[in-house]
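The values are calculated or read from the model by the stated rules, or taken from the named source; none is laboratory data. Keep in mind it's a predicted model, so treat the numbers as computed, not measured. When we count neighbours, we look across all protein chains shown, and the Cβ atoms used for this are built from the backbone with ideal geometry, even at glycine.
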């Protein structure tokens, strides 16, 4: 089969690209990312891809032709920034919420055979449930037959509950079949990957500590996937104050602020803030603030501290040699906004069957 040529829009650090870049059936020809630090991070991990670092609203047909070097593009993948749609955010119909129109504009320029549009589950209820049908209508007007499904990354070996809306469009009959879960509680599936499965061979750290050496060789299938380097990078625990350290140490496994003694209990914050993850369960959905204990349930359950950048990357299933760029906050943003690589691998595998069927 000839290589399937791909463009990645709103590419981020490359989590969605990962499954296509590591699949021999594809060649990612071009990617577009607005933020310069994030675009740099993408290029460090995908140096063979022509990265166009600009606002997608300024991306012209001539630029696309220049950066794709005249190649026919078969597939476009990507999802606009999710902050407008997230149930954790303000859910505003702002300029970002309408960036799907730019996705449509690029589709009209490139006219690929298929596309993958992904976003957070909050997209389904945005604007009183009116936005997602509108998005689908716009894609149908361009001649695409659509299928969509809400997939949870935890069902595909990611140690984190993370729902994503996956919308696949094809020119002509849509024969796409969504990937079946590989992990779960049903008979025949592998058990869910837990925080312990993800972290158990990483060094024990205190607040402000750095660890570059593994505790052991990989102990399970997930660790075999991510542990692909000899020395850990980005594995520095945030340096928190004494009161917060005491608070985190006082929390039981999976505990929240209501489990704390009165003298340590914060007077503000939501129910899942200042809360520990469960050691023997998958993590909840992480955000860009996964290193901030006051943000959500993200305190390290074994070490009773804030998470390192590398630990956040593991919860997203990024391999340990994956490079992030910028300050700590930017690196954590790159991770928190990403599509988990293990999910993208399954999507790429299934998408390739569309092109086999069309031969």
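If I ask for residues that are touching a strand residue (DSSP E or B) at 6+ places or on another chain (Cβ under 7 Å) and either more than 18 Å from residue 104 (Cα to Cα) or part of a strand (DSSP E or B) (or both), which ones from region 118-137 would you list?
Passing the criteria: 118, 119, 120, 121, 124.
The residues on offer are 28, 73, 7, 38, and the sole one that is in a helix (DSSP H, G or I) and either within 23 Å of residue 317 (Cβ to Cβ) or modelled with pLDDT of 95 or more (or both) is 38. Part of a loop (DSSP other than H, G, I, E, B), exposed (fewer than 13 other Cβ atoms within 10 Å of the Cβ) and under 22 Å from the mean Cα position of the chain (by Cα), is that true of residue 216? The answer is no for residue 216.
Is it true that residue 79 is surrounded by 18 or more Cβ atoms within 10 Å (Cβ to Cβ) and on the phi > 0 side of the Ramachandran plot? Show your work before the answer.
Values: surrounded by 18 or more Cβ atoms within 10 Å (Cβ to Cβ): yes; on the phi > 0 side of the Ramachandran plot: no.
The answer is no for residue 79.
Only one of 115, 132, 178 is in contact with a helix residue (DSSP H, G or I) (Cβ under 7 Å, 6 or more places away or on another chain) and under 30 Å from residue 281 (Cα atoms). Can you tell me which? Every option except 178 fails the conditions. Residues of region 312-331 that are more than 14 Å from residue 162 (Cα to Cα) and within 14 Å of the chain's Cα centre (by Cα): 318, 319, 322, 324, 331.
If you go through region 271-281 and keep only what is loosely packed, with under 14 Cβ neighbours inside 10 Å and either modelled with pLDDT under 95 or under 15 Å from residue 296 (Cα atoms) (or both), you end up with 271, 272.
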